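This report concerns only the one structure given below.
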Amino acid sequence: MKRRHFLPLLLALAAGRVSAAEGDPGKEVIGMVTLAVYFGTDGDPAAAGARTVAVPKEVAERFAKEERLRFAHYRLLGRDVKPLYRSYENWAQPLAPSDEVLLRFEAQSALSKEVMLLDLELWLSRKKIFKTDAPLSPDKPLLIRGPEWRGGRFILSIELAPGEPKA
């Protein structure tokens with residue numbers, strides 16, 4: 001940029017006439033990402049804590065269909081729903097206010113009705129334990145068997161839904 005054009009632009013920004021975020025296509029919401037953290041155990045489900053809730057029968061049946069996720073008891077530990085921006089990364093924090101479990105996600109392709117490629121990173125206890133470029137289909141969750149925890153295992157469900165958040 002030439003110097004003679006830089007000064008008027010700088011003055012316009014300072015005066016508030018031009019916003020850096022104005023018209024930024026990267027901030028367009030192209031979908032919603034839901035991260036749910038479950039606890040699966042063959043022992044006492046009370047080990048997950050008093051603030052957890054039993055999962056619906058449909059969720060338990062879906063987990064039981066996969067041998068690696070088959071447990072006697074399931075509890076929902078937390079859930080977070082975040083917007084998916086066209087060109088920006090975002091973080092989901094399902095166990096808020098705790099940062100024990102975090103998911104970083106960013107779109108790697110345009111949202112289609114069939115599949116979208118997301119860059120995913122799973123962080124546990126401030127350590128990155130999982131990174132992948134996962135193809136997600138709308139309304140078909142990606143299930144991840146997480147690490148051992150309190151005599152059971154974390155089960156993470158990452159789901160993509162197209163469109164804006166519903167008010």
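The values are calculated or read from the model by the stated rules, or taken from the named source; none is laboratory data. Source: prediction; values computed, not measured. Because the Cβ atoms are built from the backbone with ideal geometry, glycine has one as well, and the counts that use them run over all protein chains shown. Remember, those area values only see protein heavy atoms, side chains included, never the ligands or the DNA or RNA. Shrake-Rupley method; radii C 1.70, N 1.55, O 1.52, S 1.80 Å.
The residue that is nearest to G23 (Cα to Cα), among those in region 60-88 that are outside any strand (DSSP E or B), touching a helix residue (DSSP H, G or I) at 6+ places or on another chain (Cβ under 8 Å) and among the charged types (D, E, K, R), is R86. Inspect all residues belonging to region 69-80 and state whether any of them is open to solvent by less than 70 Å² (accessible area, probe 1.4 Å), of a type in the set (D, E, K, R) and at pLDDT below 80. No: zero hits. Regarding region 107-118, can at least one residue be identified that is in contact (Cβ under 8 Å) with a residue 12 or more places away in the chain, surrounded by 13 or more Cβ atoms within 10 Å (Cβ to Cβ) and within 12 Å of the chain's Cα centre (by Cα)? Checked against the condition, which is being in contact (Cβ under 8 Å) with a residue 12 or more places away in the chain, surrounded by 13 or more Cβ atoms within 10 Å (Cβ to Cβ) and within 12 Å of the chain's Cα centre (by Cα), region 107-118 yields at least one hit.
The set of residues in region 89-98 that are surrounded by 14 or more Cβ atoms within 10 Å (Cβ to Cβ) and in a loop (DSSP other than H, G, I, E, B) comprises Q93, P94, L95. Taken as a whole, the condition of being part of a strand (DSSP E or B), buried (at least 20 other Cβ atoms within 10 Å of the Cβ), within 10 Å of the chain's Cα centre (by Cα) and modelled with pLDDT of 85 or more applies to L103. Here region 129-163 is the region considered, the condition is being out of contact with any Gly (no Cβ under 9 Å at 6 or more places or on another chain) and part of a loop (DSSP other than H, G, I, E, B), and the residue that is modelled with the lowest pLDDT is D139. Residue count for region 26-51 under the criterion of being more than 16 Å from L142 (Cα to Cα), out of contact with any helix residue (DSSP H, G or I) (no Cβ under 8 Å at 6 or more places or on another chain) and crowded, with 18+ Cβ neighbours inside 10 Å: the result is 2.
Could you check region 133-149 and list, in sequence order, the residues that are touching a helix residue (DSSP H, G or I) at 6+ places or on another chain (Cβ under 9 Å), open to solvent by 30 Å² or more (accessible area, probe 1.4 Å) and within 18 Å of W123 (Cα to Cα)?
R145, W149
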